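Heads up, the thing below is written out as structure tokens.
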Amino acid sequence: MDKRRGYFFQKNKRGISTVIATMMIILLVLVAVGIIWVVIRNVISGGAGEINIEKFSFNLDIRSASLDTQGGVGVVKVTLHRNAGGENLIGIQFIFSDGSGSYSIERKTPIAETQEKVFTFTYTEIGNTSSLREVSIAPIYEVSGNDKIGNILDVQDIGRSSGGGGGGGGGSAVCGDGSIGSGEQCEPGPPLMLNGQTCSSQGFPGGGSLGCDSVTCQFDTSQCVGATPASCNGTWSPPEDTGVVCDGGVHCAATCVCDAGFTADGSGGCTLDPPINTGTVFSVWPAGAVKYFDSQNLPVDVSGYTNYYVNFSNSAENGCFRITFAEYLDLNGRSYLRTAFAVNIAATNNYHVWAAVNCGA
């Protein structure tokens, strides 16, 4: 009797062990399937993201941008053309610049492929329309139910309409376009264009360096002096008269004031100021006529950069260019600059921002 009881006990024990082992195997299989599914899902999601990016390659052009009047109110009219390509375009972000700041306006108005459309903006939307200088555009598209803003696709200087009472005549002066137009006294360049004027002709007998305001294209007389101090005689012999910071040294003007971008060395000469910022170009646009570039080395606050100049090394470009616009974009986490003229640069080139038009020369 005891032998039979022991036999059945051992048999039941082996049966229970088999059941437990089977359950553990099933649990391990389920865990393994779960891990594999997570990996596959991530791969699928990543692939879907890449596919989405390819879908949102838009081709938009600014055909014209002009100041005009509408009902006696100043307006800006921007004509856009959309070429074939891309999906789910739900609107446009317009970025207006007056040279010292920018104003972004979103228009949730879709444009069909190959369609052309005119957008009108009043002073109630963007302030004093007459001070605006250029407009940029970026596409707004939808991804998984969320609105996304793409990169800037095109930029255009804002002119003046010849019709509709917008200002009469055929076009308006644009500060920084390389020519002295109606209402402008000068062009900041490079090259600096002063229309034959000097500090002396502007009522400063001491001479100095006449400049040109980069926003208004009016004369900048901040570096002009009323009269040359008596001790400005080519010999550094302290104590010098007030206003004499150099005397006969290199980059010392005839008024004994250091040229822009240089600082008195305390011995009669002037030393070159270091660059404001230097770094590596990350990307450039638009293709074929580059005026914009961004960099991971630019600071977030670039509000004062429109008073500076930039040149490039490790590139085919050897000029010194005025910076006409600067802004930080949350979209890509980088600041970008705009030059007054197209530059021959590419990503990985080095840039140098200077306080003076000579760019350290």
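Just so you know, all these numbers are worked out from the coordinates, no wet-lab data involved. Please read these numbers as outputs of a predicted model, since none were measured by experiment. Using ideal geometry, Cβ is built from the backbone for each residue, glycine included, and neighbour counts are taken over all protein chains shown.
Quick notes on this structure:
- Assigned charges on the beta-carbon of Lys, Arg, Asp, Glu; the range 277-354 dipole about Cα centre (debye): 160
- Ordering Ile149, Ile137 from the fewest to the most neighbouring beta carbons within 10 Å gives Ile149, Ile137.
- Among Met23, Met193, sorting on how many other beta-carbon atoms sit within 10 Å of each Cβ, with the fewest leading, yields Met23, Met193.
- Förster-model FRET efficiency, 45 Å R0, Asn318 and Val118, C-beta, rounded to 0.05: 0.65
- Spin-label model, Ser303/Ala347: points 7 Å from Cα along the beta carbon direction are separated by 3.1 nm.
- Straight-line reach from Lys117: taking Cα to Cα under 13 Å and skipping same-chain neighbours fewer than 8 places apart, the aspartates and glutamates in range are Asp61.
- Alpha-carbon Rg/Rh ratio, for the range 220-305, with Rh computed the Kirkwood way: 1.20
- Gyration tensor verdict on the range 277-354 (Cα atoms; rounded if a/c is under 1.5, prolate if a/b is larger than b/c, oblate otherwise): rounded
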